[in-house]
Amino acid sequence: MADEERDAERPADRARPPAGRDHLRVLDPEREPAAIKALTHPLRVRLLGLLRMDGPATASELAARTGESSASTSYHLRVLAKYAFVAEAEHRDGRERRWRAVHAVTTWDDAAMEASPVGREFTGKMARRQIAHLGESLGWYEAARAAGRVGQEWLEPSGLTDLLPMLTPESLAELKQTFEDKLEELTARDAGEARAEKVVVFFAGLPVMGRVEGEAGVGVPEAGDRPAEGAAGAEVDTGAQGVTGAVEADGGAEADEAGAAPRRVRGYTHD
């Protein structure tokens, strides 16, 4: 079956992401600090995550999912649109505009972010959002499994792994690159597969030098703090909410056109 025929059989919201770099939004703290600050708002991150996960929606639909007012979601969607994170989608009728995520993944260059106060604040918040999104994703999976919605073929490949290998910086970099290359390969291979489902995938490689024995982690959400099953996580997402930037920034969608995207995609999709 041709790829076009496979795509025609699938809902539009589940169509594969754009090819090449079109599915990436590469953040540049020097060129678009206001866009980065705008994206740190908790509700904006959540709205963007919902659009990426579930497809186009209206402000009223997103309000119902988040427990916010439609006036609030409408305002924050307009802010996201100002910085080209979302755009108007095809309308089902003429009564209310629908919104879609412009990109499937947001990423950035770590060195550039570390050199910027705005960037450092952003990456710290997003990392904790990713941890929260992991907890939410586990909650969704456990609920679906308990309800019998997870097929037997998914049980063995699904799950979490927690290891403490001894690695050099070079080996950790190689592991990360291998992971990303393989994920890209498999995603391309399964793009037209009718059995393919969205899978929440996390990668973490955090050296623990300097850790004091018995010292608890700082700022890590407790499992009981995660939203109920079915709640979206924009957190980040990781994850799966923000501050309105005072500086105007134009051309956010073109921010990644000045050069190639970082080879190592470090970012988040859910939001």
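The values are calculated or read from the model by the stated rules, or taken from the named source; none is laboratory data. Computed from a predicted structure; not experimentally measured. Because the Cβ atoms are built from the backbone with ideal geometry, glycine has one as well, and the counts that use them run over all protein chains shown. The protein model used for the area step is the full one, side chains on, heavy atoms only, and it has no ligands, DNA or RNA in it. Shrake-Rupley method; radii C 1.70, N 1.55, O 1.52, S 1.80 Å.
Details
- Heavy-atom accessible area per residue - segment 86-162, 1.4 Å, Å²: 61
- Sorting H133, H23, H91 on solvent-accessible area from highest to lowest, probe radius 1.4 Å, gives H91, H23, H133.
- Of K82/K182; K82/K176; K37/K182; K176/K198, those spanning more than 27 Å from alpha-carbon to alpha-carbon: K82/K182; K82/K176; K37/K182
- Interchain or long-range residues, amide H under 5 Å from E68's placed H: none
- As a rough guide to protection, the peptides 117-125, 154-162, 186-194, 166-174 ranked by mean Cβ packing within 10 Å, highest first, stand as 117-125, 186-194, 166-174, 154-162.
- Once the Cβ-Cβ distance of R78 and T187 is raised to the sixth power relative to R0 = 41 Å, the FRET efficiency obtained is 0.85.
- Spin-label pair R145/A196, simplified geometry with 7 Å Cα→Cβ offset, distance in nm: 2.5
- Heavy atoms of L175: accessible area, 1.4 Å probe, square angstrom to 10: 80
- As a rough guide to protection, the peptides 35-41, 176-182 ranked by mean Cβ packing within 10 Å, highest first, stand as 35-41, 176-182.
- Between the amide H of T58 and those of W99, distances stay under 5 Å, these residues lying 5 or more places away or on another chain, with hydrogens modeled in the peptide plane.
- To put it simply, the accessible area of segment 74-179 at a 1.4 Å probe is 55 percent carbon and sulfur.
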